[in-house]
Amino acid sequence: MRFLLKLFVIALSLVVVLAAAGAGGAAYVLYRYGRDLPDYKQLADYEPAMMTRVHAGDGHLIAEYAKERRVFVPVAAMPRRVVNAFIAAEDQNFQTHPGVDVVALARAVVMNVINYSRGRRLIGASTITQQVAKNFLLTNEVSIERKIKEAILAFRIERALPKQRILELYLNEIYLGYGSYGVAAAALNYFNKSLDELTTAEAAYLAALPKAPNNYHPIRKARAAKGRRDWVITRMLVEGYVDADTAKLAKQSALRVIPRTATEFIEADYFVEEVRRELADRFGEDQLYEGGLSVRTTLDSRLQAIAEQTLRQGLITYDRRHGWRGPLTNVAIDNGWFGPLRGVKPPLGVDEWTLAVVLGIDDEGADIGRSDGRVGRLPFKELTWARQPRENRRLGPKIKHASDVLKIGDVVLVEALLEAPPKDLEKAENVSAPLAPPSEARYGLRQVPEIEGAIVVLDPHTGRVLAMNGGFHYALSEFNRATQALRQPGSAFKPFVYLAALDKGYTSGTLILDAPFVLDQGPGQRKWKPANYSKKFYGPSPMRIGIEKSRNLMTVRLARAIGMDTVSEYAHRFGIVENMPQQLSMALGAGETVLLRLTAAYAMLVNGGKRVTPTFIDRIQDRNGKTVFRHDARPCEGCVVEGWGGEPVPEIPDQREIVTSPASAYQIVSMLKGVVQRGTGRRIRAVGKPLAGKTGTTNREMDTWFIGFSPDLAVGVFAGFDTPRPLGRRETGSSVAAPVFRDFMALALKDKPSIPFRIPPSVRLVRVESATGRAARPGDKQVILEAYKIGAVDGETVLIDGSDEPGGGGLDRPEAQLGGKY
């Protein structure tokens with residue numbers, strides 16, 4: 001008995017010694033490796049780098065900015081099937097272990113001994129908490145020391161953070177391949193779904209990826225990927241997260257990836273870049289690329305697509321009028337054409353076009369081979385535009401044969417043509433499918449235009465930029481001609497000269513002398529002699545005619561009468577030119593501005609004279625959904641309510657600054673409507689809707705403009721060469737820019753009701769004879785409704801003949817002697 005007691009004492013002593021040694025060893029390990037570890041407490045307030053997403057006004061995604069493509073989702077908002085899939089695959093004892101799973105660790109040690117002896121891959125036993133420690137606080141170094149530090153941190157994290165927070169950090173931080181950081185981004189990139197749309201099989205596949213995404217690539221390594229997914233489904237079944245039937249169906253489903261495609265993004269590169277610059281200026285680059293901002297822009301996806309289409313087509317149409325600049329290159333095709341053609345790099349900005357090489361030429365056209373290996377035909381009628389350009393933008397002789405344009409081996413750009421539908425198909429209703437090409441594919445000859453341009457579409461009541469395109473193609477040039485190109489607006493500035501006169505007391509019936517004008521500019525300077533585009537003089541004419549027919553001499557006399565200081569002040573007031581020189585030439589649009597500013601100025605005319613500031617962004621929210629910027633900052637008393645019980649709708653105050661009287665603004669709108677009905681914008685009349693606007697052309701046809709509006713849409717178009725040079729004889733705002741405006745409005749207003757321009761109560765309409773401005777008489781044929789301010793004397797006109805000094809008024813009665821014949 002005494003022997004047994006002694007033996008027990010010895011054994012107990014050994015246990016105590018071993019325990020003490022173990023405790024000492026543990027203490028040493030904690031001291032040795034637990035010093036200078038990163039501060040794990042920061043994880044409580046950790047905010048991962050998140051992607052900023054930019055949406056159009058209708059919700060379409062237009063851009064994403066990120067260093068890591070991550071979408072943060074709180075774990076409480078994640079579907080249980082997704083969370084359970086990751087726990088089953090990565091850490092089935094997550095809810096119970098203290099940071100390190102001792103059971104799993106022991107099992108891994110045993111299995112690794114066996115696997116090592118059999119030459120198999122070793123397995124790990126890291127818990128989700130350990131992976132959080134590694135991903136957030138440590139490096140990916142493979143060493144015993146790092147594993148010890150990882151375990152120590154895991155214990156500490158478990159004591160400091162709740163399990164749900166640890167899981168949230170893990171599921172939003174982990175890299176899952178396809179450029180996806182976090183499960184929400186992976187769901188979008190692999191399956192084009194949000195988390196709550198994922199099936200059990202899809203959730204299991206995502207849970208299969210953390211160990212090695214590249215080893216389970218869904219396309220390159222499809223068999224291994226499906227095998228790993230099915231293993232996760234089995235684990236979910238074992239852990240009781242799914243039943244047998246669900247697991248069976250999930251395993252039977254194919255692993256089909258649906259990656260996000262470019263068609264999800266609305267193409268609006270110039271618009272998006274303006275938004276990116278504003279975000280960077282407002283929040284800084286770090287917040288832009290890591291802050292997880294949610295940006296709702298003003299973009300209208302439908303109008304943007306129309307703007308892109310009509311501007312491109314307008315520039316192409318002008319370019320074709322001025323001839324064919326030749327093939328991209330010529331290649332030898334004696335030993336085959338496909339290889340040499342594939343060696344030619346296509347030019348930028350030709351998304352819808354493709355490279356082709358000329359294989360043969362005959363009287364009916366040319367045979368071509370495309371870069372995708374297919375062959376086709378260029379009909380002769382598709383070559384007739386390709387005349388040789390000559391000096392002063394003139395053209396060579398008409399094309400009589402395909403060989404006048406092409407030769408064998410020429411590499412050109414072509415676009416597929418659609419076959420005309422049969423007559424019975426044309427009559428069919430609801431035909432929306434694309435027409436099939438004929439058995440011999442037919443193509444049109446194309447070339448990238450040299451001319452550039454821009455289009456801007458605004459809501460005139462708010463200044464919201466609904467659409468914008470700053471050039472033929474963003475890949476060709478990132479320079480935005482809508483916001484960055486300072487160019488002379490020419491006659492597009494004239495309405496603001498006439499507006500200033502109306503505000504000074506002149507009326508719509510004011511007669512302005514259209515006659516030669518000479519200004520002595522001082523010793524040694526040439527005399528300034530402005531002229532009308534037609535080089536003719538028309539005598540006393542109503543103010544309206546000066547805008548409708550874009551008369552330079554009338555405008556100069558009017559500007560001299562009201563004073564250039566007034567004209568300069570109006571240019572500043574409407575945001576067109578900040579410090580316009582007080583020179584008469586400025587009244588004809590010699591002061592440089594950008595398209596966006598001028599379009600916004602026209603918007604202030606049609607909205608009744610209220611100031612609007614162009615904006616690209618409606619609202620910005622931070623990662624937590626808090627609104628940090630809102631363009632419309634007006635107060636709305638009574639808007640935030642739990643429910644509506646029939647109370648009166650809250651009235652939001654109109655805080656827009658008044659820049660001109662509603663009556664004067666409408667008088668200019670009425671005159672600009674006349675530009676479309678009878679003046680330089682007549683070709684726009686074909687749209688058949690109430691429209692108004694003004695052409696603009698600078699000296700030697702360097703720049704062309706058309707700025708106009710419907711009652712609820714303001715649109716500006718500019719076209720010209722980046723390095724200014726003449727566009728060609730008779731190429732004006734009417735022939736280059738106005739067709740783009742016309743085509744845009746025709747599509748934008750299609751199937752929309754015709755809304756008349758709104759007439760303010762301070763205006764009355766008087767029947768007058770359009771050519772003279774006098775009150776209409778029986779038998780007059782050219783009678784229009786002229787807008788007069790209530791209280792103004794109609795029927796009595798005055799004449800501005802320019803006889804007084806600038807700013808002196810220059811008013812005489814009509815019977816004053818004019819001198820000369822017109």
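The values are calculated or read from the model by the stated rules, or taken from the named source; none is laboratory data. The model shown is predicted, which means the values in this text are computed figures rather than measured ones. All Cβ positions, even for glycine, are placed from backbone atoms using ideal geometry, and neighbour counts span all protein chains on display. Note: areas computed on protein heavy atoms with side chains; ligands, DNA, RNA excluded. Shrake-Rupley method; radii C 1.70, N 1.55, O 1.52, S 1.80 Å.
Looking at region 573-581, can you tell me whether even one residue there is open to solvent by 80 Å² or more (accessible area, probe 1.4 Å) and aromatic (F, W, Y)?
Applying the first criterion (open to solvent by 80 Å² or more (accessible area, probe 1.4 Å)) to region 573-581 yields 578-579.
Now drop any that are not aromatic (F, W, Y), which leaves none.
Within region 573-581 (the criterion being open to solvent by 80 Å² or more (accessible area, probe 1.4 Å) and aromatic (F, W, Y)), the answer is no, since none of the residues qualifies.
Matching residues to (1) surrounded by fewer than 14 Cβ atoms within 10 Å (Cβ to Cβ); (2) in contact with a Phe, Trp or Tyr (Cβ under 6 Å, 6 or more places away or on another chain); (3) not aromatic (F, W, Y):
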residue	(1), (2), (3)
W705	no, yes, no
G716	no, no, yes
G728	no, no, yes
F741	no, yes, no
A746	no, no, yes
D751	yes, no, yes
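Residues being at pLDDT 70 or above, among the aliphatic types (A, V, I, L, M), touching a helix residue (DSSP H, G or I) at 6+ places or on another chain (Cβ under 9 Å) and surrounded by 11 or more Cβ atoms within 10 Å (Cβ to Cβ) are represented in region 28-49 by at least one member. Residues satisfying the criterion are present in region 551-565 (criterion: small (G, A, S) and either within 18 Å of T772 (Cα to Cα) or buried (at least 22 other Cβ atoms within 10 Å of the Cβ) (or both)).
Pairs are defined by a Cβ separation below 6 Å, a sequence spacing of at least 6 or placement on different chains, a first member in region 673-689 that is touching a residue at least 24 places away in the same chain (Cβ under 8 Å), and a second member that is of a type in the set (S, T, N, Q) and assigned to a helix (DSSP H, G or I); the pairs so defined are T680/S734.
Criterion first (of a type outside the set (F, W, Y), within 43 Å of the chain's Cα centre (by Cα) and open to solvent by 20 Å² or more (accessible area, probe 1.4 Å)) does A531 satisfy it?
Details: of a type outside the set (F, W, Y): yes; within 43 Å of the chain's Cα centre (by Cα): yes; open to solvent by 20 Å² or more (accessible area, probe 1.4 Å): yes.
Spelling it out, A531 is indeed of a type outside the set (F, W, Y), within 43 Å of the chain's Cα centre (by Cα) and open to solvent by 20 Å² or more (accessible area, probe 1.4 Å).
Residues of region 530-548 that are touching a strand residue (DSSP E or B) at 6+ places or on another chain (Cβ under 8 Å) and charged (D, E, K, R): R544 alone.
I'm trying to understand the selection: among the residues of region 648-673, which are part of a helix (DSSP H, G or I), farther than 9 Å from G609 by Cβ and not β-branched (V, I, T)?
Q667, S670, M671, L672, K673
Scanning region 51-102 for residues that are open to solvent by 30 Å² or more (accessible area, probe 1.4 Å), closer than 30 Å to F155 by Cβ and in contact with a strand residue (DSSP E or B) (Cβ under 8 Å, 6 or more places away or on another chain) yields a count of 2. From the list S568, S541, the one residue that fits, being over 37 Å from the mean Cα position of the chain (by Cα) and of a type outside the set (V, I, T), is S541.
Take K673 and decide whether it is modelled with pLDDT of 95 or more and open to solvent by 70 Å² or more (accessible area, probe 1.4 Å).
Values: modelled with pLDDT of 95 or more: yes; open to solvent by 70 Å² or more (accessible area, probe 1.4 Å): yes.
Yes.
Any chance region 327-344 includes a residue that's farther than 26 Å from F472 by Cα and polar (S, T, N, Q)? Show your work before the answer.
Looking only at region 327-344, we keep the residues that are farther than 26 Å from F472 by Cα, and these are 331-340.
Cutting the leftovers down to polar (S, T, N, Q) gives us 335.
Within region 327-344, one or more residues are farther than 26 Å from F472 by Cα and polar (S, T, N, Q).
Out of all the residues in region 330-357, which are within 14 Å of R446 (Cβ to Cβ) and open to solvent by less than 60 Å² (accessible area, probe 1.4 Å)? P347, G349, V350, W353, T354, L355, A356, listed by residue number. For region 277-284, the condition of being under 14 Å from E64 (Cα atoms), buried (at least 21 other Cβ atoms within 10 Å of the Cβ) and in contact with a Phe, Trp or Tyr (Cβ under 6 Å, 6 or more places away or on another chain) holds for none of the residues.
In summary, V783 fulfils each of the numbered conditions (1) in contact with a Lys or Arg (Cβ under 6 Å, 6 or more places away or on another chain); (2) within 30 Å of T697 (Cα to Cα); (3) open to solvent by 80 Å² or more (accessible area, probe 1.4 Å) with the single exception of condition (3). Inspect region 280-297 for any residue being at pLDDT below 95, touching a helix residue (DSSP H, G or I) at 6+ places or on another chain (Cβ under 6 Å) and either in a helix (DSSP H, G or I) or basic (K, R) (or both) and give the result as yes or no. Checking region 280-297: at least one residue is at pLDDT below 95, touching a helix residue (DSSP H, G or I) at 6+ places or on another chain (Cβ under 6 Å) and either in a helix (DSSP H, G or I) or basic (K, R) (or both).
Which one of L588, L558, L598 is under 30 Å from L279 (Cβ atoms) and touching a Phe, Trp or Tyr at 6+ places or on another chain (Cβ under 8 Å)?
L598
Across region 298-326, the qualifying residues are those that are in a loop (DSSP other than H, G, I, E, B) and open to solvent by less than 10 Å² (accessible area, probe 1.4 Å), and the one among them that is nearest to Q621 (Cα to Cα) is T298.
Among residues of region 487-499 that are within 12 Å of S664 (Cα to Cα) and crowded, with 24+ Cβ neighbours inside 10 Å, none has a beta-carbon under 6 Å from a residue that is acidic (D, E) and at pLDDT below 95 at least six positions away or on a different chain. Here are some residues: T613, T593. Which one is open to solvent by less than 10 Å² (accessible area, probe 1.4 Å) and of a type outside the set (A, V, I, L, M)? None of the others qualify; the one that does is T593.
Right, V641: within 30 Å of G291 (Cα to Cα) and aliphatic (A, V, I, L, M) or not? First the steps, then the outcome.
On the way: within 30 Å of G291 (Cα to Cα): no; aliphatic (A, V, I, L, M): yes.
No: the conditions fail for V641.
When you check G645 against the structure, is it more than 26 Å from the chain's Cα centre (by Cα), of a type outside the set (D, E), over 20 Å from T298 (Cα atoms) and buried (at least 16 other Cβ atoms within 10 Å of the Cβ), yes or no? Here the answer is no, as G645 does not meet what is asked.
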